[in-house]
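> This is the structure I want to talk about, given as structure tokens.
The values are calculated or read from the model by the stated rules, or taken from the named source; none is laboratory data. A quick note: this is a predicted structure, and the numbers were derived from the prediction, not measured. Cβ coordinates were reconstructed from backbone atoms using ideal geometry, including for glycine residues, and neighbour counts include every protein chain displayed.
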Amino acid sequence: MYPLSHPLISLAADGSEDSPLAARRHQEPHHPYRLPFDRDRGRIIHAKAFRRLAGKTQVFAHRSSDHFRSRLTHTLEVAQVARTIASALGLNEALTDALALAHDIGHPPFGHAGEKALDEAMRPYGLHFDHNLHALRIVEFFELRYAAFRGINLTLGLREGIIKHSHDYTVEEHPELAEYLLDQKPPLEAQLIDLVDEIAYLTADLDDGIAAGILPIPHIVANTRLFAELWYGKRTLYPDAPERLVANEALKGMLNTLAGDLMSGTLTAIREAGVGSLEDVRNCGERLVRLTPEMEDLRYETKAYLYEHLYQSDEMNESNAKAAGLVRDLFAAYMDHPELLPEEHLSLVETEGLARTVADYLAGMTDGFIQQAFSKLA
């Protein structure tokens, strides 16, 4: 049974107007009927960077199908699962939802292949590309929707969660992030996003891998214990159903199993750590949102299977190499000819430096736009 009777309301982030997490860089009047994190959620949804996720790769960059996940549809799936778990645990749903919707807005085109290529292109200039930190730049600087300030003026809770949901930074390495309590763990709502992201993409990538013809269902059954157990159960229940529909049932069961276990693992970790407040969560010294050890083994096995047979398959390696080459070549072209940059980006070179400006421009592109830009320069 899922632990729905044990909410963590005392550990939930305070989303009231007077909460420190509700602080914004630029003071604004209180909204008559929306709390701060609800307003943040709306601002993310209306951001250009959020809309561009529809044109950015999740896994398949060069497949012409409308049915594979994009970065946007993946984001919506993460938000749905995260919101459900937050509700069951009594956490702040609005903060969780907003963080889930924002968690990938800093990704460049072509998924992780594009991010790796962009980071490698910046290294000779003493710089790096980090999609979490770029997401912070987007919401604080690049989104232009207000006459009074740059960015979309998100709360401290959203900004902290954007950079800390999946990574722990140090003030020694990033003194510019000192305001985000880098010596403390983020609230449970932010911690939740990292593992829900993984739960969502593990099940979704198996689904897309099957649809792409790269992952045969019998091969998944033979190599992933979590999927296999669910598969055999559903096959017994639906003996005459087509193989693909039985796989769908198994994948739904897999998602539910992982989500339920995440709640159980988190409650156990909180009980064992003796945590009773948000302050305790922050000062715990370790993240508390986790799977049980048994399920963690199954998660790792499934992830390793996807890396070996999908992410590093011949088709994906070829696609990723093509994408990485395009990103590197276009980065070099703009570095050699910065006059080709749009005026709004060219005007930032003096303050941001050319390499960072070029990276910011490329990171904002969709898969289709970056290919068009490359074609124009070829």
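> Among the residues of region 277-296, what is the count of those that are surrounded by 12 or more Cβ atoms within 10 Å (Cβ to Cβ) and farther than 23 Å from ILE199 by Cα?
Going through region 277-296 one residue at a time, the tally reaches 5.
> Can I ask one more? In region 170-194, how many residues are buried (at least 24 other Cβ atoms within 10 Å of the Cβ) and hydrophobic (A, V, I, L, M, F, W, C)?
Going through region 170-194 one residue at a time, the tally reaches 4.
> Determine, yes or no, whether ASP40 is surrounded by 24 or more Cβ atoms within 10 Å (Cβ to Cβ) and either within 22 Å of GLU143 (Cβ to Cβ) or without any contact (Cβ under 8 Å) to a residue 60 or more places away in the chain (or both).
yes
> Take THR84 and tell me if it is polar (S, T, N, Q), touching a residue at least 40 places away in the same chain (Cβ under 8 Å) and out of contact with any helix residue (DSSP H, G or I) (no Cβ under 6 Å at 6 or more places or on another chain).
It is true that THR84 is polar (S, T, N, Q), touching a residue at least 40 places away in the same chain (Cβ under 8 Å) and out of contact with any helix residue (DSSP H, G or I) (no Cβ under 6 Å at 6 or more places or on another chain).
> Continuing with the same structure: Just wondering, is there one or more residues in region 122-129 that are crowded, with 23+ Cβ neighbours inside 10 Å and out of contact with any Pro (no Cβ under 6 Å at 6 or more places or on another chain)?
Yes: region 122-129 contains one or more residues that are crowded, with 23+ Cβ neighbours inside 10 Å and out of contact with any Pro (no Cβ under 6 Å at 6 or more places or on another chain).
> Continuing with the same structure: Please find, within region 218-253, the residue that is farthest from the chain's Cα centre (by Cα) out of those that are part of a helix (DSSP H, G or I), in contact (Cβ under 8 Å) with a residue 24 or more places away in the chain and closer than 21 Å to TYR300 by Cβ.
HIS219
> Which residue out of VAL78, VAL59 is closer than 26 Å to LEU255 by Cβ and at pLDDT 95 or above?
VAL78
> Right, another one. Tell me which residues, restricted to region 265-300, are without any contact (Cβ under 8 Å) to a residue 24 or more places away in the chain and either basic (Lys, Arg) or in a loop (DSSP other than H, G, I, E, B) (or both).
Scanning region 265-300 gives ARG271, GLY274.
> Sort out which residues of region 175-205 are free of Cβ contacts under 8 Å to residues at least 24 places away in the same chain and in a loop (DSSP other than H, G, I, E, B), and write them in order of number.
Within region 175-205, LEU182, ASP183 qualify.
> Related question: Answer yes or no: is there a residue in region 254-265 that is more than 30 Å from VAL281 (Cα to Cα), among the polar types (S, T, N, Q) and more than 22 Å from the chain's Cα centre (by Cα).
no
> Whether any residue in region 359-368 is in a loop (DSSP other than H, G, I, E, B) and exposed (fewer than 15 other Cβ atoms within 10 Å of the Cβ) is what I want to check.
no
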